[in-house]
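Here, each number is a calculation from the coordinates, and none is a lab measurement. Predicted, not measured: the structure shown is a model, and the values here were computed from it. Glycine also receives a Cβ, built like all others from the backbone with ideal geometry; neighbour counts cover every protein chain displayed.
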Amino acid sequence: MPRHFLKVADLDREEILSLIEAAKASKGKQSGALSGKSLGLIFSKPSTRTRVSFTVAAHHLGGHCLFLSESELQLGRGETIEDTARILSGYLSGVVIRTFSQRDLEAFAAAASVPVINGLTDERHPCQALADLMTISELHADLSAVKLVYLGDGNNVAVSLMNICALVGAHVVICTPEDLACPDWALAEAKALAAASGATVETATDPEPAAAGADFLYTDVWFSMGQQKVPEKKIRLQPYQINERLLSLAKPSCRVMHCLPAHRGEEISAAVMDAPQSIVFKQAENRLHAQKELLRLLMGDAQA
Ligand code: CP
């Protein structure tokens with residue numbers, strides 16, 4: 001059975017921590033771990049970081065990448081997900097999928113005989129969470145002492161971030177308006193992971209007390225890909241913007257994170273985005289390093 005990465009908890013705590021340590025150690029290094037192997041990227045949504053970082057990661061491991069936009073595959077003309085998964089498994093050694101439905105991703109993975117990686121669905125973004133944790137751990141060796149506060153829309157990025165913090169034992173606060181909170185199933189999942197790791201998982205609705213004492217403030221766009229820009233939602237999320245005032249309530253050493261792309265002036269002020277406390281570009285770079293280790297773990301030759 002191939003090993004998939006469809007959600008954060010598909011790897012256990014030790015695997016995630018060791019992947020992150022390996023990613024820090026292998027920055028800039030190349031190997032032949034994917035020599036002779038091809039990775040397919042099936043994307044139904046736009047991407048800058050995920051597409052390019054996986055392509056370069058495969059190249060650094062001696063492998064080859066094919067970008068397959070869904071509309072150019074027969075999938076876009078009605079060939080089933082399961083048939084596509086079986087056929088591509090005969091050509092490729094692994095597949096990264098960016099799509100809408102987590103169920104479609106799971107259906108593809110169930111029919112595939114090669115590793116399948118979630119490159120973002122409407123529910124989850126686990127590869128982003130790996131890079132986020134790597135970025136946090138470059139600044140804080142003791143993850144159990146970290147307080148991370150996510151502010152804004154309780155979306156796919158928030159779900160995977162909450163899960164990875166819960167898995168490794170950090171203190172995570174998801175601060176959203178009540179009706180934009182992470183779904184109940186995601187909170188239940190994170191609480192179960194936290195019970196095993198000793199993490200603290202909290203939800204909040206008031207950004208100012210939530211930000212107090214934070215080591216990291218994190219945000220994401222208020223309108224995910226495919227969502228309509230509803231003006232009321234923008235107004236309701238305004239108090240959750242990471243700006244100089246909110247940042248001043250966190251620890252003086254607090255760093256600001258964003259998975260990008262950002263909308264300066266919406267979820268994050270331009271001043272904070274470009275401030276010395278912002279580590280958003282380091283986060284983006286770490287997508288490459290973390291995913292290189294993910295590919296090595298799921299698809300690589302152990303000896304290479
Ligand atoms: N953060 C992220 O996944 O970026 P892209 O949408 O550009 O891939």
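Report yes if Ser35 is assigned to a loop (DSSP other than H, G, I, E, B) and either over 18 Å from Asn118 (Cα atoms) or among the hydroxyl-bearing types (Ser, Thr, Tyr) (or both), otherwise no.
Considered against the rule, which asks whether it is assigned to a loop (DSSP other than H, G, I, E, B) and either over 18 Å from Asn118 (Cα atoms) or among the hydroxyl-bearing types (Ser, Thr, Tyr) (or both), Ser35 comes out as yes.
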Scan of region 28-60 for residues that are within 16 Å of the ligand (Cβ to nearest atom), among the hydroxyl-bearing types (Ser, Thr, Tyr) and touching a residue at least 24 places away in the same chain (Cβ under 8 Å), ordered by number: Ser44, Ser47, Thr48, Thr50, Ser53
Filter result for Glu79 (of a type in the set (Asp, Glu), assigned to a loop (DSSP other than H, G, I, E, B) and more than 16 Å from the ligand (Cβ to nearest atom)): yes
Members of region 64-86 found to be surrounded by 15 or more Cβ atoms within 10 Å (Cβ to Cβ) and either among the charged types (D, E, K, R) or out of contact with any Phe, Trp or Tyr (no Cβ under 8 Å at 6 or more places or on another chain) (or both), listed by number: His64, Leu66, Glu70, Leu73, Leu75
Ala188 being of a type outside the set (Val, Ile, Thr), within 22 Å of the chain's Cα centre (by Cα) and surrounded by 15 or more Cβ atoms within 10 Å (Cβ to Cβ): no
Residue that is out of contact with any His (no Cβ under 7 Å at 6 or more places or on another chain), of a type in the set (S, T, N, Q), surrounded by 15 or more Cβ atoms within 10 Å (Cβ to Cβ) and assigned to a helix (DSSP H, G or I), where the choices are Gln283, Gln238: Gln283
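Considering each of Leu88, Leu92, Leu105, Leu133 in turn, give the residue that is in contact (Cβ under 8 Å) with a residue 40 or more places away in the chain, more than 21 Å from the chain's Cα centre (by Cα) and in a helix (DSSP H, G or I). Don't jump to the end; show me each part of the working.
Working: Leu92 fails: in a helix (DSSP H, G or I); Leu105 fails: more than 21 Å from the chain's Cα centre (by Cα); Leu133 fails: more than 21 Å from the chain's Cα centre (by Cα).
Of Leu88, Leu92, Leu105, Leu133, the one residue that is in contact (Cβ under 8 Å) with a residue 40 or more places away in the chain, more than 21 Å from the chain's Cα centre (by Cα) and in a helix (DSSP H, G or I) is Leu88.
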